[in-house]
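Written below as structure tokens is the structure these notes are about.
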Amino acid sequence: MQDNHHPLRVFISTSTHPWFNLAVEDTIFRTMSAEQNVLFLWRNDNTVVIGRGQNAWRECNTRKMEQDGVVLARRQSGGGAVFHDLGNTNFTFMAGKPGYDKSVSTQIVLDALNTLGIEAMASGRNDLTMETPNGPRKISGSAYKETKDRGFHHGTLLINANLARLGDYLNPDPKKLQAKGITSVRARVANISNYVPGIEHQTLCNAIKTAFFNHFGHTAEIEYISPEAKPDVEGFNALYEKQCSWAWNFGKSPQFMHTFDERFDWGGVELHLDVHQGKIVDCQLFTDSLTPDLLETLANQLIGQRYHPDSLYQFVTRQAEIDPEHQAMYQDIAQWLHHAIA
């Protein structure tokens, strides 16, 4: 068992599942001793990570993600959506105050890259760039979080990530695209392996770990962790359960309204759903159908249901079984909701 009072701790995750890795990061940060310096190295496969305050349905094409087996994970820190695959190496440095200093962790990463023959430099507030024959290219982005007695710096290094994939799963916001000039941003991002062949996740982890030890002047036993070998950190199981939950990843979305309409053989329907914490809290239905009472009753029954295509499909299909006379109408609505919400 690791000595929890050792000044340095190094965790390396052998899991590539974001719910596990984000829960590890969050638990360590909450429970670490303020006297410690912690390094956590990890990577996620096939994942869209959204910021703490983002609306999963508005940001992401959840239907396409489900079809392609892409996992949605909400992190504790703010900011926008990112795509992770096995071509990204993620690092997290954590330290108590007053020792926490993001310029120290940045320098450790730059030193590690330097030992691998990669000349990189800090650029702006959050990025690392490397010189290439085509000019400087961004190879790393970071985010930071501080509380009153500790701070963390986490970031990603692009080894051979698929830089186009994020666009497959986002619903682009035209205002954001205009403001950020996405096409020019993408042109400035590059994979390290394009310029330094042979670099792998393991090589990078070893280099960062060594630079971390060199900076502090001593070493620590590496703690390899996975869902089968959970970290020796108090409170991990409860946080892992929360990170895995639908309520956290989807249901934490801020309140929003979803309005949609459709025409069927038996009439037109317009539906306004108010959604909060992933549940339908209000439902307004307008129709020119000959059975408006029946549809109004259904609209009232939708209040309190989970805002999820499968849940709503099953719920409305059950109503069809209860009322065989109007089965075709319920089936139409069930299929429509299933398609419109995903």
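The values are calculated or read from the model by the stated rules, or taken from the named source; none is laboratory data. A quick note: this is a predicted structure, and the numbers were derived from the prediction, not measured. All Cβ positions, glycine included, derive from the backbone under ideal geometry; neighbour counts span all protein chains shown. Surface areas here come from the heavy atoms of the whole protein model, side chains and all, with no ligands, DNA or RNA. Shrake-Rupley method; radii C 1.70, N 1.55, O 1.52, S 1.80 Å.
If only residues of the stretch 301-342 that are more than 34 Å from the chain's Cα centre (by Cα) and hydrophobic (A, V, I, L, M, F, W, C) are counted, the one that is farthest from W266 (Cα to Cα) is I322. Contact map, the stretch 76-100: residues that are farther than 18 Å from H17 by Cα paired with residues that are assigned to a strand (DSSP E or B) and among the β-branched types (V, I, T), Cβ distance under 7 Å, separation 6+ or inter-chain. Pairs shown: M94/V38.
Highlighted here are the strands (runs of 3 or more DSSP E) found entirely within the stretch 16-121 that include at least 2 residues which are of a type in the set (A, V, I, L, M): 37-42, 47-50, 71-74, 88-96. Evaluated against (1) without any contact (Cβ under 8 Å) to a residue 60 or more places away in the chain; (2) over 20 Å from the mean Cα position of the chain (by Cα); (3) more than 19 Å from F216 (Cα to Cα); (4) surrounded by 16 or more Cβ atoms within 10 Å (Cβ to Cβ), M130 falls short on exactly one condition, (1). Within the stretch 218-251, the only residue that satisfies the criterion of being among the hydroxyl-bearing types (S, T, Y) and without any contact (Cβ under 8 Å) to a residue 24 or more places away in the chain is S245. Scanning the stretch 60-74 for residues that are touching a residue at least 24 places away in the same chain (Cβ under 8 Å), open to solvent by 40 Å² or more (accessible area, probe 1.4 Å) and more than 15 Å from P309 (Cβ to Cβ) yields a single hit, D68.
Report, by residue number, each residue of the stretch 316-342 that is among the β-branched types (V, I, T), under 17 Å from T297 (Cβ atoms) and surrounded by 14 or more Cβ atoms within 10 Å (Cβ to Cβ). Listed by number, the residues that qualify are V316, T317, I333.
Is at least one residue of the stretch 90-110 more than 17 Å from the chain's Cα centre (by Cα) and aromatic (F, W, Y)? Looking through the stretch 90-110, at least one residue is more than 17 Å from the chain's Cα centre (by Cα) and aromatic (F, W, Y). Per the conditions (1) touching an Asp or Glu at 6+ places or on another chain (Cβ under 9 Å); (2) open to solvent by 10 Å² or more (accessible area, probe 1.4 Å), the sole criterion not satisfied by M32 is (1). When we screen T27, T115, T92 for residues that are open to solvent by 20 Å² or more (accessible area, probe 1.4 Å) and polar (S, T, N, Q), the only hit is T115. Of all the numbered requirements in (1) within 27 Å of A73 (Cα to Cα); (2) at pLDDT below 90; (3) buried (at least 19 other Cβ atoms within 10 Å of the Cβ); (4) touching a Gly at 6+ places or on another chain (Cβ under 6 Å), T287 misses one, and that requirement is (1).
Scanning the stretch 238-269 for residues that are open to solvent by 70 Å² or more (accessible area, probe 1.4 Å) and over 21 Å from R63 (Cα atoms) turns up A238, E241, K242, R263, D265.
Of the residues in the stretch 109-125, not one is in contact with a Pro (Cβ under 6 Å, 6 or more places away or on another chain), farther than 19 Å from S15 by Cβ and not hydrophobic (A, V, I, L, M, F, W, C). Do we find a residue being within 18 Å of L72 (Cβ to Cβ), surrounded by 13 or more Cβ atoms within 10 Å (Cβ to Cβ) and in contact (Cβ under 8 Å) with a residue 12 or more places away in the chain anywhere in the stretch 300-307? Looking through the stretch 300-307, at least one residue is within 18 Å of L72 (Cβ to Cβ), surrounded by 13 or more Cβ atoms within 10 Å (Cβ to Cβ) and in contact (Cβ under 8 Å) with a residue 12 or more places away in the chain.
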